[in-house]
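Q: One structure, as structure tokens, below. Some questions next.
Taken together, the values in this text are just the output of simple stated rules run on the coordinates, not laboratory data. Please read all numbers here as calculations on a predicted model, not as lab measurements. Positions of Cβ are backbone-derived with ideal geometry, glycine not excepted, and every protein chain shown enters the neighbour counts.
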Amino acid sequence: MEPHDVPEEAVAMLQEYLENEHAFLSWLGFTVEEFEAGRMVATVPYDEKLTNPTDPPTIQGGVASTLIDVVGGIALRPYLSDPVDDDIATINLNVNYLRPAAGDLTATAEVIRAGNTVGVSSVEAVSETPDGEERPVAIGQGAYRLFRN
């Protein structure tokens, strides 16, 4: 299935929707960086409220998992009949944590396949690590149910 083109204003529209209509992602500070057919990049900024009680503080793993899930699903939207109004639901999410995250989390999703009813995305999350390097901190793959109206 071929994706719809993603208009330039889609990033701003998506960001506005997430800030105004999705309280949890807004609370996380979720920011859309890039969005094009088959690829999406988004960031959750470092915030002490999102950390584990460790020294030094590190981002709680559920934040990375949420970011991976959301970015993987949104990357599939251009493949829907109606990218704005059709629905997507996570079927399965697998996240492998590679190392602690101690800074902003940025996830990049690539669509692997978008079939008639199921889509699959691969996602890599990078962050500054406690030693100060920017490295991959988690990788994930999501399978999503694509509801076409």
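Q: Given the conditions (1) charged (D, E, K, R); (2) surrounded by fewer than 17 Cβ atoms within 10 Å (Cβ to Cβ); (3) more than 18 Å from residue 125 (Cα to Cα), report the number of the one that residue 77 does not fulfil.
A: Result: residue 77 passes all but (2).
Residue by residue, here is whether (1) of a type in the set (Phe, Trp, Tyr); (2) surrounded by fewer than 15 Cβ atoms within 10 Å (Cβ to Cβ); (3) in contact with a His (Cβ under 7 Å, 6 or more places away or on another chain); (4) assigned to a helix (DSSP H, G or I) holds:
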| residue | (1), (2), (3), (4) |
| --- | --- |
| 3 | no, no, no, no |
| 6 | no, no, no, no |
| 12 | no, yes, no, yes |
| 15 | no, no, no, yes |
| 20 | no, yes, no, yes |
| 27 | yes, yes, no, yes |
| 33 | no, yes, no, no |
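Q: Right, something else. Scan region 35-69 for residues that are assigned to a strand (DSSP E or B), closer than 13 Å to residue 123 by Cα and not hydroxyl-bearing (Ser, Thr, Tyr) and jot them down.
A: Answer for region 35-69, where residues must be assigned to a strand (DSSP E or B), closer than 13 Å to residue 123 by Cα and not hydroxyl-bearing (Ser, Thr, Tyr): 39, 40, 41, 42.
Q: Follow-up. How many residues are of a type in the set (Val, Ile, Thr) and in contact (Cβ under 8 Å) with a residue 60 or more places away in the chain when one looks only at region 91-132?
A: Selection size over region 91-132: 3.
Q: Can you say whether residue 81 is assigned to a loop (DSSP other than H, G, I, E, B) and not hydrophobic (A, V, I, L, M, F, W, C), as far as the supplied structure shows?
A: yes
Q: Take residue 59 and tell me if it is surrounded by 15 or more Cβ atoms within 10 Å (Cβ to Cβ) and within 16 Å of residue 109 (Cα to Cα).
A: no
Q: Another question about this same structure. Could you check residue 134 against (1) surrounded by fewer than 17 Cβ atoms within 10 Å (Cβ to Cβ); (2) more than 17 Å from the chain's Cα centre (by Cα); (3) within 19 Å of residue 149 (Cα to Cα); (4) not small (Gly, Ala, Ser) and say which number it fails?
A: Failing condition for residue 134: (3).
Q: Looking only at residues in region 87-109 that are surrounded by 15 or more Cβ atoms within 10 Å (Cβ to Cβ) and charged (D, E, K, R), which one is farthest from residue 54 (Cα to Cα)?
A: 104
Q: Does residue 118 satisfy being surrounded by 15 or more Cβ atoms within 10 Å (Cβ to Cβ), closer than 18 Å to residue 69 by Cβ and over 13 Å from the mean Cα position of the chain (by Cα)?
A: no
Q: I've got another one for you. Does residue 124 satisfy the condition of being over 28 Å from residue 5 (Cα atoms), buried (at least 16 other Cβ atoms within 10 Å of the Cβ), of a type in the set (D, E, K, R) and out of contact with any helix residue (DSSP H, G or I) (no Cβ under 6 Å at 6 or more places or on another chain)?
A: Judged against the criteria, residue 124 is not a match.
Q: So which of 92, 96 ends up being farther than 25 Å from residue 134 by Cα and assigned to a strand (DSSP E or B)?
A: Criteria check complete, one pass: 92.
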